[in-house]
Amino acid sequence: MSSKISLSRYLVEQQRVAGHIPAELRLLLEVVARACKSISHAVNKGALGGVLGSAESENVQGEVQKKLDIIANEVLIEANEWGGHLAAMASEEMEAIYVVPNRYPKGEYLLMFDPLDGSSNIDVNVSIGTIFSVLRMPEDDRGVDEGDFLQPGRQQVAAGYCVYGPQTTLVLTVGDGVAMFTLDREQGSFVLTQENVRIPEDTREFAINMSNMRHWDEPVQRYINECLQGKDGPRGKDFNMRWIASMVADVHRIMTRGGVFMYPWDKREPNKPGKLRLMYEANPMAWLIEQAGGAATNGHQRILDIQPSALHERVSVILGSKNEVELATSYHTPKV
């Protein structure tokens with residue numbers, strides 16, 4: 001690129017030139033990006049900022065919260081509540097939705113987020129990140145309630161994630177492909193570093209937690225076993241396994257060079273359809289993956305077509321390189 005294009009300029013062009021987003025959504029995304037920049041600074045300080053370790057509390061999911069989980073959640077709320085772009089927010093760290101207080105103007109969008117994905121990696125200095133999704137408020141709604149959020153993922157108007165690693169990278173879609181922005185700490189702004197991200201349709205890498213193999217359903221075991229047999233097996237090629245235990249980091253690797261990420265249903269909690277949350281993890285990631293030419297299913301249907309029934313609904317996830325996702329999904333489909 002001959003000149004640096006800032007996130008603000010990119011969004012202005014998406015609004016004014018391409019006509020993909022209205023001004024209110026542009027302003028909202030700029031606020032979310034600034035919040036991610038603040039979270040990045042907190043992450044980078046680590047022990048120097050006193051942000052490592054457990055907060056000695058649990059979230060609505062029954063998961064032990066890290067100090068940075070709470071900090072990131074507060075940063076996102078405080079940055080977004082007063083701008084006039086939102087009607088309400090929902091987070092992995094909160095049981096109920098957060099309605100924008102009456103003292104602030106009410107906007108026409110809903111924001112959902114996992115404020116800090118991969119919390120188990122915080123204290124060991126491995127990549128973590130923020131995931132976010134934006135929906136439009138139903139037009140005929142007078143108030144705001146949880147039901148307003150229960151829209152299938154295909155109705156998202158923006159989605160993205162920010163990965164806090166050796167570089168801080170923001171990955172974004174507004175429905176016109178995927179763009180990546182790198183935080184320039186000297187300038188203090190996100191700069192466009194890649195447009196029109198495309199995921200290879202074929203891959204030799206898979207990401208899954210192999211320690212759970214004995215708990216998986218037969219179709220997942222079959223797919224992984226075939227990968228492990230390498231060039232002497234039915235796939236005819238060797239595979240590498242990668243697993244970071246941070247969805248953001250694993251998906252970012254797939255965005256960068258391809259692969260397939262799987263977090264399937266397992267027999268330990270048979271009444272739960274999966275581990276990951278549909279609304280603020282699977283849906284935004286599925287849309288990003290599809291916008292980059294990949295695919296995302298729950299083993300039976302496209303994730304973006306699932307009609308949510310609860311704010312913290314869980315789902316099984318298979319996403320990444322299109323041909324691998326389609327193959328793994330086909331193993332879940334009974335032959336007629």
**Asked** For region 266-286, what are the residues that are farther than 13 Å from N298 by Cβ, in contact with an Asp or Glu (Cβ under 8 Å, 6 or more places away or on another chain) and buried (at least 22 other Cβ atoms within 10 Å of the Cβ)?
**Response** M279, Y280
**Request:** List the strands (runs of 3 or more DSSP E) that sit entirely inside region 50-165 and contain at least 3 residues that are free of Cβ contacts under 8 Å to residues at least 60 places away in the same chain.
**Result:** 54-58, 64-66
**Request:** Take D232 and decide whether it is modelled with pLDDT under 95 and surrounded by fewer than 20 Cβ atoms within 10 Å (Cβ to Cβ).
**Result:** no
**Asked** Looking at S133, S127, which one is in contact with a helix residue (DSSP H, G or I) (Cβ under 6 Å, 6 or more places away or on another chain) and surrounded by fewer than 24 Cβ atoms within 10 Å (Cβ to Cβ)?
**Response** S127
**Message:** Suppose we keep only residues that are of a type in the set (V, I, T) and in contact with a helix residue (DSSP H, G or I) (Cβ under 6 Å, 6 or more places away or on another chain) within region 61-75. Which one would you say is modelled with the lowest pLDDT?
**Reply:** I71
**Asked** Tell me, which residue of region 15-45 that is polar (S, T, N, Q) and touching a helix residue (DSSP H, G or I) at 6+ places or on another chain (Cβ under 7 Å) is farthest from L76 (Cα to Cα)?
**Response** Q15
**Request:** Mind listing whichever residues of region 166-186 are in contact (Cβ under 8 Å) with a residue 60 or more places away in the chain and not hydrophobic (A, V, I, L, M, F, W, C)?
**Result:** T168, T169, T173, G175, D176, G177, D184
**Message:** Condition first: small (G, A, S), farther than 14 Å from L183 by Cα and either not assigned by TED's automatic domain parsing to the domain that holds F132 or not in a loop (DSSP other than H, G, I, E, B) (or both). Now tell me which residues in region 4-36 satisfy that.
**Reply:** A23
**Item:** Checking E290 against (1) buried (at least 19 other Cβ atoms within 10 Å of the Cβ); (2) in a loop (DSSP other than H, G, I, E, B); (3) of a type in the set (D, E, K, R), the condition it does not meet
**Value:** (2)
**Asked** Can you tell me which residue in region 199-249 is farthest from G294 (Cα to Cα), limited to those that are assigned to a helix (DSSP H, G or I) and of a type in the set (S, T, Y)?
**Response** S211
**Residue count for region 182-198, restricted to those that are at negative phi and in a loop (DSSP other than H, G, I, E, B)** = 6
**Message:** Any residue in region 228-249 that is touching a residue at least 60 places away in the same chain (Cβ under 8 Å) sitting within a Cβ distance under 7 Å of a residue that is of a type in the set (D, E) and outside any helix (DSSP H, G or I)? List the pairs, counting only those 6 or more apart or interchain.
**Reply:** S246/D117; M247/D117; V248/D117
**Request:** For region 268-287, name all the residues that are out of contact with any strand residue (DSSP E or B) (no Cβ under 8 Å at 6 or more places or on another chain) and either among the charged types (D, E, K, R) or not in a loop (DSSP other than H, G, I, E, B) (or both).
**Result:** R268, E269
**Fill in**
Restricting attention to region 293-319, the residues that are in contact with a Ser or Thr (Cβ under 7 Å, 6 or more places away or on another chain), outside any loop (DSSP other than H, G, I, E, B) and over 19 Å from M112 (Cα atoms) number exactly 2
**Request:** Kindly indicate whether R16 is modelled with pLDDT of 90 or more and over 21 Å from F113 (Cα atoms).
**Result:** no
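The values are calculated or read from the model by the stated rules, or taken from the named source; none is laboratory data. Computed from a predicted structure; not experimentally measured. Please note: Cβ atoms are built from the backbone with ideal geometry, for glycine as well, and neighbour counts cover all protein chains shown.
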